[in-house]
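Have a look at the structure below, then the notes.
Each value in this text was obtained by applying a stated rule to the coordinates, not by laboratory testing. The structure displayed is predicted, hence computed values, not measured ones. Every residue, glycine among them, receives a Cβ derived from its backbone with ideal geometry; neighbour counts consider all protein chains shown.
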Amino acid sequence: MEWIETQLDNESIFPQKLGVPFPPNFQDVVKTIFKRLFRVYAHIYHSHFQMIMSLKEEAHLNTYFKHFVLFTWV
């Protein structure tokens, strides 16, 4: 997660100023970010779902995951 935050904060990858182009490897970086986030969800579902259920938060997790999948679907 720290790596993802570093990438998102990196202005050479995600320019903050108008007119500054995105780097040629932008899509590759974003795909890697999405892949790593998907693995986080997989870990949560595989290793922590019983805890999520005991907290009665599975609907929230499922909604977050659904939004993630729909947002990243290409």
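General observations
- Sequence-ordered 3J(HN,Hα) estimates for the range 32-40 from the Karplus curve with 6.51, -1.76 and 1.60 and θ = phi - 60° stand at 5, 4, 4, 4, 5, 5, 4, 5, 5 Hz, glycine and proline given as x.
- Computed helical MRE - 222 nm, the chain, DSSP H runs ≥ 4 contributing -39500 (n - 2.57), nearest 500: -23500 deg cm²/dmol
- Loop-resident sites, the range 14-51, for trypsin sites (Lys or Arg not before Pro), counting at most 11 other Cβ within 10 Å (DSSP): LYS17
- Residue by residue, the range 44-53 carries 3J(HN,Hα) couplings of 4, 5, 6, 9, 10, 5, 4, 5, 4, 5 Hz when phi is fed to the Karplus relation 6.51 cos²θ - 1.76 cosθ + 1.60 (θ = phi - 60°); x denotes Gly or Pro.
- Straight Cα distances below 18 angstrom link LYS31 to the aspartates and glutamates GLU2, GLU5, ASP9, GLU11, with same-chain residues fewer than 8 positions distant left out.
- Longest stretch of the chain clear of exposed loop sites (GluC sites (Glu not before Pro), DSSP loop, at most 14 other Cβ atoms within 10 Å, sites excluded): 12-56.
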